[in-house]
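Data first, discussion second: the structure below is written as structure tokens.
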Amino acid sequence: MKGVLLVNLGSPDSPNPKDVKVYLEEFLMDERVIDLPSFLRTILVKGIILNTRPKKSAKAYQKIWWEEGSPLIVLSKRLIQKMESQVQLPLALGMRYGNPSIQSGLQELADKGVTEVLLVPLYPQFAMATTETILVLAENLRKAHFPQIEFTTLPSFYNHPDYVKVLSQSIQESLQGKEWEHLLFSYHGVPERHIRKSDVTRSHCKIDGRCCQTNSPAHAYCYRHQCFETTRLVAEYLELKPDQYTTTFQSRLGLDPWLQPYTDKTVAKMAKNGTKNMAIVTPAFVSDCLETLEEIGMEAVEDFEEKGGDHLHVIPCINDRADWVKVMSRWVDEWATSQAVSA
């Protein structure tokens, strides 16, 4: 019997500092998120970050928390609920960090007799700290607790025509009737070393402005290339001119070089340079979450206006849009009937 496990990043159980600390510990102690030797990661996370960050992060979560709970969890559940009316297979939800866990999602499917699972990481682009860590944990859990289950993984869909169309149309709809001079594509940031570590060729990814435009097997796992490719395809769909859009990266942590240009610095610079009406979209995220609702929807908006801009139009993630539900459901049906998902 076949079933589907959708997996997203995760969220604290509540915006209380105690729950946020538990969530941050699981998240930041992941060796694919902070890829330092174990003892250094432990000193950094448990000795420094967890003594200061939970209270600050809790305040941020409190700003965006919904009555039903964490926006990320609520939106992910809504996506599954809408897919259930179009898909005849059992569907379950798991989070890489926090609850519901990947293990609980697999258990839910196993209890229904599922032995073949389509793993769906809800990330358009592949990254070591997102898709890879999901696949590694899921496989470890399968070996330890669910040896009867076989996995198939939905490929990264950053360039899939169906996804590009949904994302592009969501942008069009959000900006209809609004004045805007520039569109910012803001992706979640990762350290530059993550790009090099994910390079299967061990030599292609130089982050020099040329490697992402030069065909290579490395692109199958290169987050930077896939982000720029998503931007290119959407800009092409929307018939944007080169001077009408920019790709940036947000949410950096620590002092090491992260992917650039940085979203916060770009937002401030454009406002200072006279851009009055700008739009921003966050294509690294399928579901709205802390990074989109607070970091972009509040902090970036405030910064843009303080630096001289008039309006920063924040475009929602594709969340549980009807066209996205239809696309996801079709991908599941393709797998269920042919054991292959078109890419």
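Coordinate-derived values only; no laboratory data. In this text, all values refer to a predicted model and were calculated from it rather than measured experimentally. Glycine also receives a Cβ, built like all others from the backbone with ideal geometry; neighbour counts cover every protein chain displayed.
Values as computed for the structure displayed
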| quantity | calculated |
| --- | --- |
| Distant-in-sequence amide H partners of T152 (H built 1.01 Å from N, under 5 Å) | V117, L118, L119 |
| Gaussian network model of the chain, Cα within-10 Å springs - most flexible of H311, H145, H188 | H145 |
| Alpha-carbon centroid distance for the pair region 114-145 / region 217-249, whole angstrom | 25 Å |
| Cα gyration tensor, region 84-125 - rounded (a/c under 1.5), prolate or oblate | oblate |
| Whether region 1-124 is rounded, prolate or oblate, judged on the alpha carbon gyration tensor where a/c under 1.5 counts as rounded | oblate |
| For region 54-118: rounded, prolate or oblate by the Cα gyration tensor [a/c cutoff 1.5] | oblate |
| Within region 152-284: Cβ-based charge dipole about Cα centre, in debye rounded to nearest 20 (Lys, Arg +1; Asp, Glu -1) | 460 debye |
| Estimated 222 nm signal from helices in the chain, with DSSP H stretches of n ≥ 4 weighted -39500 (n - 2.57), rounded to 500 | -12500 deg cm²/dmol |
| Links that overshoot a 29 Å alpha carbon limit, given the list K77/K269; K63/K178; K46/K272; K2/K77 | K77/K269; K46/K272 |
| Kirkwood-Stokes translational diffusion coefficient of the chain, alpha-carbon pairs, 4 °C, 1.567 mPa s, µm²/s | 62 µm²/s |
